[in-house]
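Below is one structure, written out as structure tokens; the observations come after it.
The values are calculated or read from the model by the stated rules, or taken from the named source; none is laboratory data. Note that this is a predicted model, so its numbers are computed, not measured. No Cβ is skipped: glycine too gets one built from the backbone with ideal geometry, and neighbour counts run over all protein chains shown. To get the accessible areas, we keep the full protein, side chains included, count just its heavy atoms, and leave off ligands, DNA and RNA. Shrake-Rupley method; radii C 1.70, N 1.55, O 1.52, S 1.80 Å.
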Amino acid sequence: MPNARRLLEMLLIAAAIVAAVLPLPQGAVERVYSRGIYPMIQPRLTGFSNAISLSLFDVTAVGVVGAVLLLWVAGLRRATRGRAFRTIGSLARTTAAVAGLLYLWFLTAWGLNYRREPLRTELDFQEDRITEDALHQLALRDVDSLNMLYAEANGGAWPEFANLFPLLDPPLVRAERELDMSWRVRAALPKRSLFDFYFRRVAVDGMTDPFFLETLANQGLLPFERSFVIAHEWGHLAGYADESEANFFAWLVCMRGGAREQYSAWISLYGTIVSAQPPGDRAAIVRRLEPGPRNDLRAMSERISRQVNPKASRAGYAIYDRFLRANRVRAGIRSYTEVLRLLLGTRFEPDGTPALRSRQR
């Protein structure tokens, strides 16, 4: 039995290493996994997690960490003086096997989407559309939309997290149809996490649990931030692992919603869009913003200043940057801002539908 266990552990470790370094063709991942296996997994796994109010990610994280700690404590206590190094090696191998199992679970349930073909290959996307003038026009559209939508968006109480599901699900279906997705994403109910304190300290607005495909939301978000954040996490559930693609998907979803959803999208992208402007243009655009949206942006800034620990935030983002790069996202944390390239380089039909290459054949 000990030999069988050792063999299983070594197989798990080897399989995880091979899976991590094996170069897989993006086209094959797209066809076999992202358009084949994953669409069968996601609705079922998210449906299962939706039926449980607790965050399954929290339960798994606490359970795994607790079990590994107990394993080490028990193992070291039983170790005799002459076998300490052998015991430590055995415990390290078991811990590595657990990590390998979790990594294989991560890849199978969601993580292989990092290796799929970029969304821009499906869109009618051209680099030469990305110009300073196009960026300036996008910034003007953002500000003018915020000014126009503010009164209607704030005409009543903003929905709580629990009430976002019925408001965002119909726009989600429309966005899927516009992107010619061949399957129906199962939307996840936003959940509170035990790690909410961490989310607040490092400025994480939301997270997609890659093991049970559930949506975890920062409970400190302001009401007008929530729709875009949840739509962004649903973009990950749709298989868009890249942050810029999830932002593009979230923008599409919110643009198909009502005034509140559209306002949430424009105010969430405001900083990304305006900060990309040349300094002279940026000042003129900021002056164009009316008091209502300006106050909301100030409230966002104050929320972040109040909640975020700068040192923790830098450390958290450094860790996430390494995680993204390890999963072959070369831009790392900068992939969040790459949404501008998608918005500017994609051709849209007169009704706002993104043009696809497949529709031109």
- Kindly list the number of the only condition in (1) open to solvent by less than 40 Å² (accessible area, probe 1.4 Å); (2) of a type outside the set (S, T, N, Q); (3) modelled with pLDDT of 95 or more that fails for Ile13. (3)
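Which residues, counting only those in the range 3-52, are over 18 Å from Leu237 (Cβ atoms) and outside any helix (DSSP H, G or I)?
Leu22, Pro23, Leu24, Pro25, listed by residue number.
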- Message: Cβ-Cβ distance below 6 Å, separation of 6 or more or different chains: which pairs start in the range 248-259 with a residue that is within 17 Å of Leu146 (Cα to Cα) and free of Cβ contacts under 8 Å to residues at least 12 places away in the same chain and end on one that is open to solvent by less than 10 Å² (accessible area, probe 1.4 Å) and part of a helix (DSSP H, G or I)?
- Response: none
- Kindly establish whether Gly47 is within 29 Å of the chain's Cα centre (by Cα), more than 26 Å from Arg116 (Cα to Cα) and either modelled with pLDDT of 90 or more or surrounded by fewer than 16 Cβ atoms within 10 Å (Cβ to Cβ) (or both). no
- Query: What do you reckon, is Ala84 within 18 Å of Glu9 (Cβ to Cβ) and part of a helix (DSSP H, G or I)?
  - Reply: no
- Message: Being part of a loop (DSSP other than H, G, I, E, B) and either surrounded by 11 or more Cβ atoms within 10 Å (Cβ to Cβ) or in contact with a helix residue (DSSP H, G or I) (Cβ under 6 Å, 6 or more places away or on another chain) (or both) is the filter here; which residues of the range 53-81 pass it?
- Response: Leu54, Ser55, Ala79
- Item | Selection from the range 148-191 of residues that are in a loop (DSSP other than H, G, I, E, B), of a type in the set (A, V, I, L, M, F, W, C) and open to solvent by 80 Å² or more (accessible area, probe 1.4 Å) | Ala157
- Task: Scan the range 123-147 residue by residue and report those that are under 26 Å from the mean Cα position of the chain (by Cα), in a helix (DSSP H, G or I) and of a type in the set (Asp, Glu).
- Result: Glu127, Asp142
- Taking helices (runs of 4 or more DSSP H) that do not extend beyond the range 200-291, which have at least 3 residues that are open to solvent by less than 10 Å² (accessible area, probe 1.4 Å) and not aromatic (Phe, Trp, Tyr)? 223-237, 243-255, 259-275
